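Accompanying notes for the structure given below.
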Amino acid sequence: RSFPNQSSLTQRELHFDRELAKHRITAWSVCIFTSYSSFPPQNHHASCTLLYKKPFVESFEETPLLVAVLTYMGYGILTIFGYLRDFLRDWKFEKCHLAREREEQKDFVPLYQDFENFYTRNLYMRIRDNWNRPICSVPGAKMDLVERVTPDYNWTFEHTGNVLKDVINMGSYNYLGFAENTGTCADAASECTVKYGVGVSSTRQEIGNLDKHEELEKLVAGFLGVESSMAFGMGFATNSMNIPALTGKGCLILSDELNHASLVLGARLSGSTIRVFKHNNMQSLEKLLRDAIVHGQPRTHRPWKKILILVEGIYSMEGSIVRLPEVIALKKKYEAYLYLDEAHSIGALGPRGRGVVDYFGLDPSDVDIMMGTFTKSFGAAGGYIGGKKELIDYLRLHSHSAIHATSMSPPITQQIITSMKCIMGEDGTTLGQERLCQLSENTTYFRRRLHEMGFIIYGNNDSPVVPLMLYMPAKIGSVSRFMLKRNIGTVVVGFPATPIIESRARFCVSAAHTREMLDKALNAISEVGDLLQLKYSRKNRHGSEGTDCFSFLESHQD
């Protein structure tokens, strides 16, 4: 690049101009390396072969056009009738039981957004009986549900006193089956409760730091293969309160469009500039990285203080696994930082149950911030962050979740320690490895059977989160109710947790499920699928279509 007359520039301006030129030259030079948007197919295949040690198979079958049209029509009809019922409520022909603004407060800023309130009272209320069902047992492979009825179309509920026994639980994140009230974990937690009590009632920086907390953190660091780790009492706060401690004004956050709400909130609270890339799309991520280095910050064009990439291990609504080898390659190429949320992948992926890094056989040191929760595979509560010792020491002093929040309950800490040692094999048994193998087998079997039946299922073949697409709003409630009648507990998800035309039933496979339980659940799903016409897939139902990683990548070039 040619510089202007240097005599007319101040020393500071000259230094900045040279730095900007250096960054632009660097960005231009790295463009000659791997760029998936410009690679011919053979180079693309070669790159995939180098980065992945085994086929990476994910499926996101396109919504059939007729189904999409009928889904939009369904929501349109519901909206029209919603406005009609609001008209009747305004004229006192129908009573609205939902919380509303008082008449004397009508001039205040409203507590509820118009559409949010409209959606809640006219659409969500129709199917509210499918959520918040009271459970009166351990949420293991089977559970007991409290029966309830509604006399006023889901505005209120009454308990009948009856209990639905032995409902097969296909909705809990109990991936390894440690959410149990018998066995070594329960015994250890019980003993810890007798010794320490159930709570500490103080922050760790005051008098709430127990030897159990330090034991847990050393164990987590060893489990992850990092220098140090820190535990927090709440998984959501682990993201939302620590990201603001890591980035701030003048920093750039690149976030996957399907990241969890805790990551989104943490990014917003940080005050950093946020840019969103398409889900698991490396071309989109690389374009943002390249633009960030070439152009720098808005207006000033100074280099960003820090560029942080936010991704998840398993995306809980999609069942997909992050393309971590490619993300790490881009992170290294552009010298960014990587924040990996392993809430659903830790304990559920990898030959040793150590998450998505273990699944791909990568070096943990390539991930700058390793975050995860204890609420899923470990049957407990809370979260952790692992990484270099300097990072953890910094967070101990600057994380709001560490400074202000009460420290983790002792029996919960012991539950995590015992279950983690079981996974690592440090308890002297092979129970942990057996559960990991059982989870993998159950996941493969369950996904394969659903695919053969003709359902559209999303995600990676190795993901224990299995979204089954429903699409139409009327089928959201129907699926859950019909499944419960067959003694299967199912989670259904719709807007706003998913795109408006991509409502789904989300099944979570566990190592605690036996083959008989899965077969019973699959038979019930098939019956309900035939009844409600849910078998939308247009692919060959016996798996003859191409499923290797190259055919998938070629189909997602855009």
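So here's what we get for this one:
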read-out	value
Stretchable slack from Val194 to Glu214, in nm (0.36 nm times residue separation minus alpha-carbon distance)	5.3 nm
Dipole magnitude (debye, nearest 20) for the chain, charges at Cβ of Lys, Arg, Asp, Glu	860
FRET efficiency, Ala261 to Val109 (Cβ-Cβ, R0 22 Å, nearest 0.05)	0.45
Over segment 184-424, relative contact order from alpha-carbon pairs under 8 Å, at least 6 apart, %	31
Nearest-0.05 FRET efficiency for Arg275 and Arg126, computed from C-beta distance (R0 30 Å)	0.20
FRET efficiency, 1/(1 + (r/R0)^6) with R0 22 Å, evaluated for Phe495 and Trp91 via beta carbons	0.15
Chain lengthening between Glu516 and Gln433 when straightened (0.36 nm per residue, less Cα-Cα)	27.7 nm
Which of Ser320, Tyr337, Tyr52, positive extreme of dipole for the chain (C-beta unit charges)	Tyr337
Value of [θ]222 nm, deg cm²/dmol, for the chain, DSSP H segments ≥ 4, -39500 (n - 2.57) each, nearest 500	-13000 deg cm²/dmol
Over the chain, equivalent-ellipsoid semi-axes from the Cα gyration tensor in Å	39, 31, 28
For peptides 156-165, 362-371, sequence by mean Cβ density within 10 Å, most packed first	362-371, 156-165
Which listed pairs, of Lys278/Lys475; Lys142/Lys376; Lys278/Lys332; Lys332/Lys388, have C-alpha distances above 22 Å, in listed order	Lys278/Lys475
Largest-first ordering by accessible area, 1.4 Å probe, given options Ile417, Ile135	Ile135, Ile417
log₁₀ of I(q)/I(0) at q = 0.10, 0.12 Å⁻¹ - segment 139-278, Debye sum with one point per alpha carbon	-0.64, -0.88
Largest-first ordering by accessible area, 1.4 Å probe, given options Asp144, Asp341, Asp393	Asp393, Asp144, Asp341
With DNA, RNA and ligands ignored, accessible area of Glu147 (1.4 Å probe; Å², nearest 10)	60
The chain - accessible surface per residue (Å², probe 1.4 Å)	48
Antiparallel DSSP beta bridges within segment 184-424, as percent of all bridges there, nearest 5	40
Test item: Cα-centred dipole of segment 184-424, Lys/Arg +1 and Asp/Glu -1 on Cβ, debye	760
Helical segments meeting 27 Å axial Cα length and Kyte-Doolittle -1.0 threshold in the chain (DSSP H)	11-30, 65-90
Ranking by accessible area, most exposed first, for Val465, Val200, Val276 with a 1.4 Å probe	Val276, Val200, Val465
Extension gain, Val146 back to Leu397 (0.36 nm per residue minus Cα-Cα distance, nm)	85.9 nm
Selected from Ala402, Gly372, Val264, residue furthest toward positive end of dipole (segment 184-424; charges at beta carbon)	Val264
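The values are calculated or read from the model by the stated rules, or taken from the named source; none is laboratory data. If you're wondering where the values come from, they're calculated on a predicted model, not measured in any experiment. Counting neighbours? That spans all protein chains shown, and the Cβs are built from the backbone with ideal geometry, glycine included. Surface areas here come from the heavy atoms of the whole protein model, side chains and all, with no ligands, DNA or RNA. Shrake-Rupley method; radii C 1.70, N 1.55, O 1.52, S 1.80 Å.
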